[in-house]
1. For the range 293-378, treating each Cα as an identical point scatterer without solvent, what Debye log10 I(q)/I(0) comes out at q = 0.12, 0.15, 0.18 1/Å?
2. Using a 1.4 Å probe on the protein heavy atoms, what percent of the accessible area of the range 404-510 belongs to carbon and sulfur?
3. For the range 111-127 and the range 252-316, compute the distance between their C-alpha centroids and round to whole Å.
4. Please report, as a whole percent, how much of the solvent-accessible surface of the range 38-173 comes from carbon and sulfur atoms (probe radius 1.4 Å).
5. So for the range 241-302, what percent of the C-alpha to C-alpha distances run longer than 15 Å?
6. Taking the Cα centre of the chain as the origin and placing charges on Cβ (Lys, Arg +1; Asp, Glu -1), which of M487, G240, A503 is farthest toward the positive end of the dipole?
7. To one decimal place, what Kirkwood hydrodynamic radius in Å is obtained for the range 135-185 from all pairs of distinct Cα atoms?
8. Using a 1.4 Å probe, what is the accessible area per residue for the range 1-157, in Å²?
Amino acid sequence: MEFLKQLGIKEVNAGAASGREWLSSTDGGILSIHSPVDGTHIADVTQTGEEQYEEIIRRAEAAFRTWRTVPAPQRGEIVRQIGLRLRKYKEPLGRLVSYEMGKSLQEGLGEVQEMIDICDFAVGLSRQLYGFTMHSERPQHRMYDQYHPLGIVLTISAFNFPVAVWSWNAMIAAVCGDVNLWKPSSKVPLTAIACQNIIAEVLEENDLPEGLFSLVVGKGSTIGERMLNDKRIPLVSVTGSIDVGRHANEVVARRFGRTILELGGNNAIILTPDANLKMAIPAVVFGAVGTAGQRCTSTRRLIVHEDIYEQVRESLITAYGSLRIGDPLDENNHVGPLIDTAAVQMFRKALQLAENEGATLLYGGEVLEGEGYISGCYVRPAIVAARNENDIVQEETFAPILYLITYSGSVENAIALQNGVVQGLSSAIFTDRLQEAEMFLSHAGSDCGIANVNIGTSGAEIGGAFGGEKETGGGRESGSDAWKAYMRRQTNTINFGSTLPLAQGIKFDL
């Protein structure tokens, strides 16, 4: 395929890079990557061995000693060039994202656009790494705080956003003076290799040191565990399941490292009687079936007031009936495949568990077979009438299942249902009543890290800090002041007088 050639993807690809140089080894075994779109074998990847990992860490440490002394605006200039290079490769890289992961081409291109946007954001940020000046209680003293680079930042990314989430971390960390190490999901390593090839061009043109942007494709049980336990890595950003994040947090915390955790979501949209359903229904459908329900911000639960429940149910069934399911590279289709057949089995199991708990399947739920569905990864998105208390509703199923839940009375009752899960990533309400919107956004409202009014749960912009509360992990990435997580904070006090007054008026005379 032409886009593979454009991105430098070979039949067999090394899975370790320290920047411009690829380190090949078969010590860690070989990954064979097949597309969920049509089951076709795309390429193989050699996984990183112990020796290659140590070399990459050695080079990353050396690169950090140089990179941290480069003025932040100059670091921003490198990120600017990376953004320009991503613009050049947007079409082939977006196509690879779609083909390797299975999301629609529009979403694949949109993911690369996220990378471009975060580069632009980071360039501006490189001139805005502000500290604060505080008034000292002591005469002729100046006090302020500042931020210093941390060192090696490890990003462990998930299959559903194979490139965008890495860029959120890597571009911000780069302008902060950190060096980057990336461990992509073993389900989608080719997009990571393509990104490394793109960045290598910028590193070469600017004669930058090896180790500034590094890549490691390897087994979680071996290389992954070694990374988590490696004291040379002060910050680990993990996107994944709650179980994966909990383990990573425990391991890294034992060595007093830091983590940014972006874990499970069980996101709900509330529809009140004052909702504009012409806006709400498309938002619900895209939130539930976009990326085949495999976004951490996907809409899992729809909490509908009983007065409009019948109307909403029928509108959703009609909308779902118009969905076109098939090859995601065909822009006429709305829904592509799940990532693999294991995800399909999870989808089927969740629907069975829901039925066992008394829930009712209203639409969909079939595994699609025949011409156009030969990979075995295509399903018909499902709508299920359920109760918020159902065990399966309390979980995050990474598949296109929308649970339809009713509420009665005031919006406070709907908010209680919305908050009645252990996850706390994204949430939304559709209402034209100011009081309901403000209640949803108040201290007594949504307990999620993201709360939206009259838009859906997915599709966050890079300018806002992204992340959630409770078992979603509490981390923040991308915009706002999320950059502070990639730096260490230092308070400085300067005495420019000729005496030594002590704080709190303490006397210590010699």
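1. Log10 of I(q)/I(0), two decimals: -0.45, -0.71, -1.00.
2. Details: 2870 of 5450 Å².
Ligands and nucleic acids excluded, carbon and sulfur give 53 percent.
3. Going from one Cα centre to the other spans 26 Å.
4. On the way: 2580 of 5150 Å².
Reported share for carbon and sulfur atoms: 50 percent.
5. On the way: 1158 of 1891 pairs.
Taking all Cα-Cα pairs of the range 241-302, the fraction more than 15 Å apart is 61 percent.
6. Looking along the dipole axis, the top candidate is A503.
7. Working: mean 1/r = 0.0760 Å⁻¹.
Computed over Cα pairs of the range 135-185, the Kirkwood hydrodynamic radius comes out at 13.2 Å.
8. Working: 6890 Å² over 157 residues.
Each residue of the range 1-157 exposes 44 Å² on average to a 1.4 Å probe.
The values are calculated or read from the model by the stated rules, or taken from the named source; none is laboratory data. This one's a predicted model, so the numbers in the text were calculated from it and none came from an experiment. Note: ideal-geometry Cβ built from the backbone for every residue, glycine included; neighbour counts use all protein chains shown. The accessibility values were calculated without ligands, DNA or RNA, using every heavy atom of the protein model including side chains. Shrake-Rupley method; radii C 1.70, N 1.55, O 1.52, S 1.80 Å.
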